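Accompanying notes for the structure given below.
The values are calculated or read from the model by the stated rules, or taken from the named source; none is laboratory data. Everything numeric in this text was worked out from a predicted model, so none of it was measured. Positions of Cβ are backbone-derived with ideal geometry, glycine not excepted, and every protein chain shown enters the neighbour counts. Surface accessibility is based on the protein's heavy atoms, side chains included, excluding ligands, DNA and RNA. Shrake-Rupley method; radii C 1.70, N 1.55, O 1.52, S 1.80 Å.
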Amino acid sequence: MSPSILAQDPTLADFGRDPWWLILGKIVFAFAFGLLATLLGVWFERRVVGYMQVRPGPNQVGPFGLLQTLADGLKMAFKEDILPKAADKVVYFFAPTISVICAVTALSVVPFGPMVSIAGHHTPLQVTDVPVAVLLLLACSSMGVYGIVLGGWASGSTYPLLGGLRSSAQMISYEVAMGLSIVAVFMTAGTMSTSGIVAAQGDATQLSVFGTEIPAPGWYAILLLPSFIIFFIATVGETNRAPFDLPEAESELVAGFMTEYSSLKFALFMLSEYVAMVTMSAVTTTLFLGGWRAPWPITLWEGANSGWWPMLWFFGKVIALVFVFVWLRGTLPRLRYDQFMRFGWKVLLPINLVWILVLSGLRSIEDWDSRSKLIAVGIPAGVLLIATLLWPNRRPQPKPTTQEQVDNRPYGSFPLPPMDLQVPPSPRITRVVAEREPANIVAGSDSREV
């Protein structure tokens with residue numbers, strides 16, 4: 001089969017024609033990718049964080065410590081499985097399973113590559129695709145919260161319940177920001193199909209500036225930079241990764257919703273976290289980083305986007321995003337819960353709405369002539385600039401002095417230490433000195449030295 005045919009983008013018409021064994025093979029491959037990426041992700045995170053903290057990381061079990069994660073899995077499998085007395089046994093058992101299934105199911109609509117030939121069958125490197133595939137991704141991401149909430153509630157303990165409630169509020173808050181950031185992708189690509197979104201990023205976008213056509217990169221991470229930044233921040237919050245790991249928060253809630261879990265059930269929760277991290281990295285690659293398409297300057301090679309090579313570019317982008325996840329965990333401290341919620345509702349959401357409004361306005365004037373575009377864009381930009389320059393500055397309130405702060409303290413406050421930082425002498429010093437002074441006894445004539 002010619003490379004020109006293999007380099008073509010899959011469409012919705014190319015799905016549903018494969019034999020059963022090929023479909024089963026794709027499903028097994030997607031599941032194996034999620035499982036293997038999790039095993040390597042745990043090792044990768046330990047090695048990277050160890051390098052950042054100037055320590056070796058796992059390096060004893062296997063070459064470079066590669067078998068450390070496998071040893072941890074065997075250790076968890078043979079640990080005692082403890083069931084809390086107050087737990088709801090059925091829900092307690094199925095909660096970790098829900099988290100893993102939702103995380104793995106999202107990989108079914110992620111394109112790993114273009115059309116390839118497998119045993120004589122012309123098929124796309126993707127399990128399936130539907131016209132609303134991105135909505136399926138959002139649904140899987142939203143359903144994952146049920147595993148955490150039910151696991152925290154079914155444990156019958158206080159700390160897991162608090163972790164589950166935190167997770168529900170966190171997921172709902174950042175799901176809104178994530179959904180709005182994808183709206184810009186829909187508007188630009190004109191489709192909700194994941195394979196269609198990757199195909200839309202294949203060609204360079206032509207920007208018309210004063211009548212001159214300028215080629216621009218096709219990746220939405222560059223064209224829709226605000227949406228890309230907001231989407232990635234929301235994915236970090238959705239996957240409960242640091243600095244947004246509030247449902248776990250070992251410094252506050254012991255281990256959060258996983259406190260009462262052990263053995264394989266705990267391993268499933270940990271597996272779901274890493275699978276979700278890899279899945280959201282793959283989704284971010286698909287929506288904003290061109291999917292399986294090679295980055296520049298690899299695209300100068302004619303066969304870069306044909307055959308099996310695109311899988312290499314796709315996995316490279318996923319690994320780069322996983323590295324960013326690990327980088328954030330190794331460098332940023334955990335946010336307070338109120339800061340986290342305020343950031344989602346008062347920062348990400350308004351910025352997202354304003355950006356969608358601006359993008360809608362720019363797309364509505366695409367067919368106008370250059371003069372009309374200049375007027376439509378220049379006048380609002382000029383008004384915004386003038387308003388920014390002339391906006392009255394709020395004068396900062398004068399900071400009260402230390403004495404004023406002391407005088408304004410409410411009645412019954414705790415005593416204050418001396419403001420001059422000089423500690424007064426203890427009243428016991430005079431008594432101690434007096435006790436140590438020798439008695440003045442006048443020696444008589446008959447006194448003699450002993």
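What to note about this one:
- For the chain, relative contact order (Cα pairs under 8 Å, six or more residues apart, normalised by length) works out to 19 percent.
- Arg342/Trp21 FRET efficiency (R0 45 Å; Cβ-Cβ; nearest 0.05): 0.30
- Protein accessible area in the chain, 1.4 Å probe - carbon and sulfur %: 68 percent
- Label-point gap, in nm, between Phe78 and Thr401 - each point 7 angstrom along Cα→Cβ: 7.3 nm
- Estimated vicinal HN-Hα couplings, Hz - the stretch 323-331 in sequence order (Karplus 6.51, -1.76, 1.60; Gly, Pro = x): 4, 5, 4, 5, 4, 4, 5, x, 10
- Integer Hz, Karplus 6.51/-1.76/1.60 couplings in order for the stretch 164-169, x for Gly and Pro: x, 5, 4, 5, 4, 5
- Over the chain: helical MRE at 222 nm, DSSP H runs n ≥ 4 each giving -39500 (n - 2.57), nearest 500: -18500 deg cm²/dmol
- 1.4 Å probe accessible area per residue over the stretch 67-118, in Å²: 50 Å²
- Built amide H within the under 5 Å cut-off of Gly218, gap 5+: Thr205
- Stretch in the chain that is longest and holds no GluC sites (Glu not before Pro) that DSSP places in a loop and that have at most 15 other beta carbons within 10 Å: 81-301
- Checking every one of the chymotrypsin sites (Phe, Trp or Tyr not before Pro) in the stretch 14-78 against DSSP loop status and a limit of 13 other Cβ atoms within 10 Å picks out Phe78.
- Longest segment of the chain lacking trypsin sites (Lys or Arg not before Pro) that sit in a DSSP loop with at most 15 other Cβ atoms within 10 Å: 86-335
- Here Lys85 is the anchor, and the lysines within straight C-alpha reach of less than 30 Å, apart from those fewer than 8 places off in the same chain, are Lys75, Lys265.
- Each other residue within a Cβ distance under 12 Å of Leu83 adds +1 if Lys or Arg and -1 if Asp or Glu, for a net charge of -1.
- Spin-label model, Asn393 to Leu264: label points 7 Å out along the Cα-to-beta-carbon direction sit 6.6 nm apart.
- For the stretch 258-266, 3J(HN,Hα) computed residue by residue from phi via the Karplus equation (6.51, -1.76, 1.60; θ = phi - 60°) reads 9, 4, 8, 9, 8, 6, 5, 5, 5 Hz, glycine and proline entered as x.
- Computed from the C-beta positions of Phe186 and Val91 and an R0 of 35 Å, the FRET efficiency is 0.45 to the nearest 0.05.
- Taking each residue as 0.36 nm, the span from Gln53 to Ser117 lengthens on full extension beyond its C-alpha to C-alpha distance by 18.5 nm.
- Using alpha-carbon coordinates, inclination of helix 89-105 to the longest axis of the chain, degrees: 50 degrees
- Annotation: lysines with alpha-carbon distance below 29 angstrom to Lys317 (same-chain offsets under eight excluded): Lys26.
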